[in-house]
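Just so it is clear, none of the values below were taken in a lab; they were calculated from the coordinates. Please read all numbers here as calculations on a predicted model, not as lab measurements. Cβ atoms come from the backbone with ideal geometry, glycine included; neighbour counts cover every protein chain shown.
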Amino acid sequence: MALHLIIDGYNLIRRFDRLRRAEHKSLELGRRALIDELAAYKRVKGYKITVVFDGGQNNEPFEARSADKGIRIRFSRHGQTADSVIVNMACRDAQKAMVVTADRELAAKVAAKNAVPVDPGEFEEKMEMARLMEAKGTGGEDGHRQGWVPTTRKKGPARRLPKSRRRQLRKVKKL
């Protein structure tokens, strides 16, 4: 199953120092820096990525949509929040959707729609790992290590999490 990462754009920009510094220069530079970061992540992982921004100044009655470097970009229409666009997208792609946001209310809404909310701090670590993999040239299409890895870790039902939680953790591991 291919994942669909849905990014709460301005929320993520304001969580990362690099992106926040770019945004202080101009809003467009902040968005451009985020798209560059996500494009590098997409080159390594290959997941479908959509960034949603609030289009508060947008007086159009329709959502603005575009794409850049393989990243889909959506601006909410006038009178609509990015959160409502994200919830609708999460509802449509429920089993495949992972929503990156620090907004607890939005995270609870998408979790209720069977999508997996991801903390921006955790996602930043994954993006950094992808950037390093790309620099080393070791990242494959799926980004996983090849071959068997020996382990002495015990497995069994005594430690087994509920099925819904295991499903969420499998999705997060794929990041």
| remark: Per its Cα gyration tensor (rounded if a/c is under 1.5, else prolate when a/b beats b/c, else oblate), the range 1-59 is best filed as oblate
| Peptides ranked, highest mean first, by Cβ atoms within 10 Å: ranges 19-32, 71-84 | 71-84, 19-32
| field | Where Cα atoms sit under 12 Å apart: lysine pairs in the range 11-130 separated by 8 or more or lying on different chains | value | 6
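Would you mind getting me the FRET efficiency between ARG165 and GLN95? Use the beta-carbon distance for r and R0 = 22 Å, nearest 0.05.
0.90
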| field | Karplus-derived 3J(HN,Hα), 6.51/-1.76/1.60, for each residue of the range 14-19, Hz, glycine and proline x | value | 7, 9, 9, 4, 4, 6
| Can you work out ³J(HN,Hα) from phi for every residue in the range 105-117, in order, using Karplus 6.51 cos²θ - 1.76 cosθ + 1.60 and θ = phi - 60°, giving whole Hz and x for Gly and Pro? | 5, 5, 4, 5, 5, 6, 5, 5, 8, 6, 8, 9, x
| query | For LEU27, what is the net charge nearby, where nearby means another residue's Cβ is under 14 Å from its Cβ and Lys, Arg count +1, Asp, Glu -1? | reply | +3
| Once both labels are modelled 7 Å past Cα along the beta-carbon direction, what's the ALA39-GLU105 spacing in nm? | 3.4
| remark: Residues whose built amide H sits under 5 Å from the amide H of LYS48, excluding neighbours closer than 5 in sequence, are LEU3, LEU5
